[in-house]
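The values are calculated or read from the model by the stated rules, or taken from the named source; none is laboratory data. The structure displayed is predicted, hence computed values, not measured ones. Note: ideal-geometry Cβ built from the backbone for every residue, glycine included; neighbour counts use all protein chains shown. Calculation scope for accessible area: heavy atoms of the full protein, side chains included, ligands and nucleic acids excluded. Shrake-Rupley method; radii C 1.70, N 1.55, O 1.52, S 1.80 Å.
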Amino acid sequence: MSEIPMPGTAKPAGGTTPTLVSAGAVAPGSVVAAAAVSVVAGSVAANNSTSSSSSNNTNNTTTSSSNNTVGNPNGSSTVAAASQAEPDMKGWLLKWTNYLKGYQKRWFVLSKGVLSYYRNQAEMAHTCRGTISLHGALIHTVDSCTFVISNGGTQTFHIKAANEVERQSWVTALELAKAKAIRAMESDEEEEDNTANTIPSEELNLVVRELTVRLENLKTCYDLITKHGAALQRALSELETGDDLANKTKIVSERATLFRISSNAMINACSDYLQTAQTQGHKWSKMLQHERDQKLHLEEMVEQLARQHSHLEQAATRHRPNATTSASDDEDNEFYDAQEEGGSVTLQEDSSFILNIPVTTHHNHRRNSNDATGSSSEGEEGNSETQQVLVVAENLDNMDVTDRISVNSSQALTPTLLSNQSKVVRKRRTRVTDKPNYPLNLWSIIKNCIGKDLSKIPMPVNFNEPLSMLQRLTEDFEYSEILDKAAQAKDTCEQLAYVTAFTVSSYSTTSNRTGKPFNPLLGETYECDRTEDLGWRCINEQVSHHPPMAAQYCEGRGWRCWQEFTMTSKFRGKYIQIVPLGYTHVEFPATGNKYTWRKVTTTVHNIIVGKLWVDNHGDMEIFGEGSAKGVKCHLKYLPYSYFTRDTQRRVKGVVMDSGNQVKWVINGTWDSKIEIAPVTSTSGSMENPVYKTGNYKTAWTRRMPPPDSDKYYNFTLLACQLNEPEPNVAPTDSRLRPDQRLMEDGKWNESNQEKLRLEECQRARRRQREAEAETAAAEGRPYPPYEPIWFGKEKEEGTDNLVHVYKGTYWDAKAKQDWSKCPTIF
């Protein structure tokens with residue numbers, strides 16, 4: 001896909017150069033500095049004085065300094081307070097809106113880790129056209145004047161500055177603001193954790209003792225006031241008798257002095273008690289509010305669970321197998337049995353279905369401007385128009401046995417594949433150590449984690465499985481024989497049908513695997529060379545920490561596959577939802593056909609009560625590129641429901657050619673099998689076509705794990721072999737990660753301690769980079785961001801986005817055993 005030309009170097013009205021609070025002018029022409037200071041913490045502005053203007057242009061962008069001491073050598077707090085209210089940076093920039101309007105002039109304001117834009121300065125008082133939070137955002141340059149800000153998939157801003165110096169100033173300011181936002185969020189989370197947790201017993205006892213002492217002082221003062229008040233009252237009564245007035249007046253004066261002293265002591269004691277109570281009051285109030293919120297959230301979850309339980313009981317009471325349902329029953333509440341795992345989907349009622357297909361008007365589907373990224377550019381609205389199609393299967397009684405056998409035979413790929421050849425295939429293990437039974441108080445761990453990003457929750461290994469996320473990604477190729485079959489296909493649409501079956505197969509293990517993989521450390525790698533027996537090899541690397549991102553490259557028999565995997569995840573108390581953001585690509589070099597897709601949402605249910613179970617749901621679009629441009633597949637993963645006539649975990653879809661004509665039908669379940677069938681005839685109207693299919697053939701069937709796999713994390717044969725010790729791997733390989741190895745060996749307590757040590761070491765390395773970047777920014781020089789070892793950033797074809805692309809050097813380095821570039825992370 002050729003790149004659509006965008007407006008060139010158009011300069012905003014009054015095109016001028018911004019200034020940034022720094023010790024010197026930003027060096028122009030430094031592309032490296034575009035991503036510099038990616039982990040900087042704190043503001044450099046506090047160490048500098050006034051901003052300096054760049055070249056001879058009028059300054060149209062302003063910045064604020066938190067310690068501007070011009071005219072005040074003592075650094076007046078009034079000036080500092082005033083400057084804190086000012087934005088970090090503001091000015092005119094050009095923002096890409098759409099292909100009709102191109103770049104438009106907008107007023108941008110950077111403040112408190114958020115970049116906002118307006119049509120003009122007057123709109124700042126009432127209308128904001130769009131914002132993007134810099135926490136977790138990716139900032140990179142496209143050319144000397146253009147840069148892009150993306151938060152991982154939901155928002156993307158394409159921005160053009162007047163010149164290179166202005167672009168560099170904005171990029172540096174955005175990186176600083178991003179680092180400050182990350183630090184502020186982490187500080188808020190730590191403060192929330194500290195206030196949410198129960199006050200330590202030592203501190204609690206100290207506060208109670210102090211309040212007790214203050215209360216005792218109040219009681220003593222009360223007794224003194226009562227005593228001296230009564231004595232003063234008696235002296236006043238005796239004064240009224242009139243005898244010996246001088247002596248009685250003296251006594252009254254003494255009694256009044258004692259009463260005044262007692263009153264002052266009472267006032268001081270009350271003041272001390274009030275001060276102590278106020279000092280602890282704020283902390284106790286936050287803790288109380290947190291407990292109230294947790295209580296309300298827990299009540300809501302319990303109420304929802306009770307409501308669901310009641311519905312299930314009512315539905316189960318109404319449902320009787322093989323019984324005729326009363327016509328008065330509410331269809332929405334009718335209960336149906338889930339199909340047994342591994343059951344066929346080629347029954348008449350399952351092979352005929354209705355599918356709503358989104359109607360697209362162009363093929364710029366991936367991250368071009370706003371299409372897939374959900375950019376907030378004004379004037380852009382998503383196309384929600386759909387077309388309803390009906391798929392009807394014919395001749396189901398005469399299944400094409402030949403096709404079924406030929407496809408199933410490809411599934412027999414095992415370590416004995418090359419047994420007829422002279423080369424001996426390595427014998428690999430078939431299981432791992434049994435999972436130990438360690439008791440765990442689940443609620444005590446997760447009650448303070450509700451609403452937080454899953455990747456930031458310090459989970460013990462009790463929730464994990466002894467595999468890293470990099471190894472889990474490698475499991476996508478467990479059924480790589482489907483791609484081998486696709487590489488042999490002559491028809492492009494049939495090839496895409498097999499690729500679709502491959503995308504579904506990667507979810508098969510999630511039906512009974514609920515363990516959380518280890519979060520990879522920055523720079524961690526994982527290689528898997530199964531060329532001898534399975535015909536493929538892949539390399540993975542953790543390329544980013546904020547946000548977490550992994551890059552993968554795999555090559556097999558007549559195909560190569562790569563992906564950049566990142567995700568958003570939220571823990572909602574009752575369930576965990578994981579939304580993948582990266583794209584996966586597969587290419588067949590022989591034909592030049594290339595296909596791209598994004599994975600669907602995965603949800604883990606019953607976190608609090610009941611047995612954990614996983615569901616995959618949503619729509620997947622697979623687009624053809626290169627020689628396959630125009631071909632596409634729309635696939636729908638139906639969400640699990642107790643009240644549906646559909647087969648549970650159902651997947652259905654269609655493959656369309658470049659003329660939007662359905663050529664192949666996809667049908668099955670993501671935990672059992674996928675069957676495909678060609679379309680033989682078309683009838684009906686243009687708006688609601690009816691497609692009749694030929695015989696279905698099995699494109700993928702799940703290989704079930706051993707019967708006793710529940711004893712070792714429900715691992716498949718491939719999963720058991722992923723963490724098997726391998727000689728001559730890189731020192732950053734996941735197999736060498738000590739906490740993961742200890743967990744696999746059943747030493748969970750030692751694994752938890754090692755996990756904490758590794759995480760603290762990673763935080764220390766990050767703080768060191770932040771300090772170095774902050775120093776560099778204060779000195780006005782660029783600071784190179786972290787660079788992966790085996791993957792490099794390159795501009796993606798047809799877009800302005802930078803993606804991580806495999807450099808092609810890992811296997812050569814392994815052959816030479818040259819690991820000099822590898823960092824020490826374990």
Counting Lys and Arg as +1 and Asp and Glu as -1, what is the net charge of the other residues whose Cβ lies under 12 Å from the Cβ of N247? -2
With θ set to phi - 60°, apply the Karplus curve 6.51 cos²θ - 1.76 cosθ + 1.60 along the stretch 591-607 and write out the HN-Hα couplings as whole Hz, x wherever there is a Gly or Pro. 10, x, 6, 9, 10, 9, 8, 10, 6, 8, 6, 10, 10, 9, 9, 6, 5
If you take the beta carbon distance between K816 and Q753 as r and set R0 to 45 Å, what does 1/(1 + (r/R0)^6) give as a FRET efficiency, to the nearest 0.05? 0.80
Would you mind calculating the gained length between K629 and Q233 on full extension (0.36 nm times residue separation, minus the Cα-Cα distance), in nm to one decimal? 132.2 nm
Quick tally, 1.4 Å probe accessible area for W664, W170, sorted with the most first, runs W664, W170
Once you wrap a convex hull around the alpha carbon atoms of the stretch 735-826, what is its projected area averaged over all directions, in nm²? 9.2 nm²
Computed on Cα atoms only, the convex hull of the stretch 535-611 has an orientation-averaged projected area in nm² of 6.8 nm²
Enter the accessible area per residue of the stretch 738-826 (Å², integer; probe 1.4 Å; all protein chains in place). 52 Å²
Give me the percent of accessible area attributable to carbon and sulfur for the stretch 516-669, probe 1.4 angstrom. 52 percent
What residues qualify as long-range amide H neighbours of E465, i.e. H under 5 Å apart, gap of 5 or more or another chain, H built at 1.01 Å from N? K516, F518
What do the square roots of 5 times the Cα gyration tensor eigenvalues come to for the stretch 529-671, in whole Å, largest first, as semi-axes of the equivalent ellipsoid? 29, 23, 14
Cα-Cα over 25 Å: which of K180/K570; K599/K632; K516/K594; K570/K755; K112/K286? K516/K594
In whole Hz and in residue order, list the ³J(HN,Hα) couplings for the stretch 609-616 that follow from phi through the Karplus curve 6.51 cos²θ - 1.76 cosθ + 1.60, θ = phi - 60°; x for Gly and Pro. 10, x, 7, 5, 8, 10, 10, 10
Can you list residues whose amide H is under 5 Å from R537's amide H, if they're 5+ apart or on another chain and H is modeled 1.01 Å from N? R530, E555
J(HN,Hα) series, the stretch 168-178, from Karplus relation 6.51 cos²θ - 1.76 cosθ + 1.60, nearest Hz, glycine and proline x: 5, 5, 5, 4, 5, 4, 5, 5, 4, 5, 4
Would you grab the residues whose amide H sits under 5 Å from the one on G130? Only those 5+ places off in sequence or on another chain, please, with H modelled 1.01 Å from N. Y117
Label E303 and A771 with points 7 Å out from Cα along Cα→Cβ: what is the distance between them in nm? 5.1 nm
